[in-house]
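Single-structure report; data block below.
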Amino acid sequence: MRIRVVPLAELASARESDWVDTSRKPYVTGEAAYVPVREGYASSGTLAPRYRYRGRGYQMIGPIAVVRGERPKPEEVTQIVDWQHPKGVVWVSSHSGVCRVPTTEVLYGSTGDVIHRESGISFCIDPSNVMFSQGNRTEKMRIASLVRNGERVADMYAGIGYFTLPVARAGAIVHAMEINPVAFRYLEKNIVLNQFSDRIMASCGDCRDLLSGEYDRVIMGHFDSAAALLQALSHVHPGSVLHVHSAGHQPHDITGQLNAAGFEAEISVRVVKKTGPHCWHYVQDVTLA
């Protein structure tokens, strides 16, 4: 590919030039941008075609590459580093306890607090300390699209703000609850970072003890959320909507709990993602009659 090398700071203005081949993307590294040149215009050199990555799957959280599942081989880590040039590579081998605390190991570079941007939201996170699932991105945006301006929403398992921040951005008034003090500190940071302090009240502790008043919508984003369903049903009203998450071969049966609390409901089931062999992440949208 024929290119011209321009300073990264001048890339935006260079895109408007007649010589730029807009059918190709510039390659950026460090403070330099290698910009493709159209036929008939002078170039300053050539750039070999970039090979297609065919290695181990990973996710980028900010500048950190996160690998899950079996421990990656050294050559797999090298492939990721050569392709993505991350600040660090973190292996997440498992999650434990009600707080879903990740067991991690830094395999390359370093980690620490980074900023991950997703759908207009900025998340401050250290991927080696707290969980972040990019597989839930579509579900976060779906819930945000359902929110009406001024709704009072309870996010019972808020984490660092996965659902809290998108629904606040959509206009909700959110009560965010998180039991893990490490995740809670990031939740507080992210509320300030996104300038939502006027829309979000954050509480650290067991959500079953923190629910207060009535809510128009309750987000229950933990796989064991059905265990707290009766407490949630004490803080809703006819017309309220609950989003009850679970994992398994099929959704958790919650009709008995709804009936015991005196509610009839319309329930729709969605599959969020696959979590293992014959195991799926489900969310049940429960609209109370």
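Of note:
- With respect to the conditions (1) among the acidic types (Asp, Glu); (2) assigned to a loop (DSSP other than H, G, I, E, B); (3) without any contact (Cβ under 8 Å) to a residue 24 or more places away in the chain, Glu214 falls short on a single one, namely (3).
- Residue check for Arg152: assigned by TED's automatic domain parsing to the domain that holds His252, surrounded by fewer than 18 Cβ atoms within 10 Å (Cβ to Cβ) and under 24 Å from Trp91 (Cα atoms): no
- Considering Glu188, Glu118, the condition of being among the acidic types (Asp, Glu), at pLDDT 95 or above and surrounded by 15 or more Cβ atoms within 10 Å (Cβ to Cβ) is satisfied by Glu188 alone.
- Matching option when the condition is without any contact (Cβ under 8 Å) to a residue 60 or more places away in the chain and under 26 Å from Val89 (Cα atoms), among Asn129, Asn180, Asn190, Asn136: Asn129
- Positions within the stretch 243-289 being hydrophobic (A, V, I, L, M, F, W, C), part of a strand (DSSP E or B) and more than 20 Å from the chain's Cα centre (by Cα), in sequence order: Ala265, Ile267, Val269, Cys279, Val286, Leu288
- Residue, farthest from the chain's Cα centre (by Cα), within the stretch 24-36, restricted to residues that are surrounded by fewer than 13 Cβ atoms within 10 Å (Cβ to Cβ) and either within 11 Å of Met1 (Cβ to Cβ) or among the acidic types (Asp, Glu) (or both): Glu31
- Residue list for the stretch 43-70, filter: in contact with a strand residue (DSSP E or B) (Cβ under 8 Å, 6 or more places away or on another chain), in a loop (DSSP other than H, G, I, E, B) and closer than 27 Å to Val6 by Cα: Ser43, Ser44, Leu47, Arg50, Gly62, Pro63
- Scanning the stretch 49-66 for residues that are without any contact (Cβ under 8 Å) to a residue 24 or more places away in the chain and either more than 30 Å from Ser93 (Cα to Cα) or of a type in the set (A, V, I, L, M, F, W, C) (or both) returns a single hit, Arg50.
The values are calculated or read from the model by the stated rules, or taken from the named source; none is laboratory data. Source: prediction; values computed, not measured. Cβ coordinates were reconstructed from backbone atoms using ideal geometry, including for glycine residues, and neighbour counts include every protein chain displayed.
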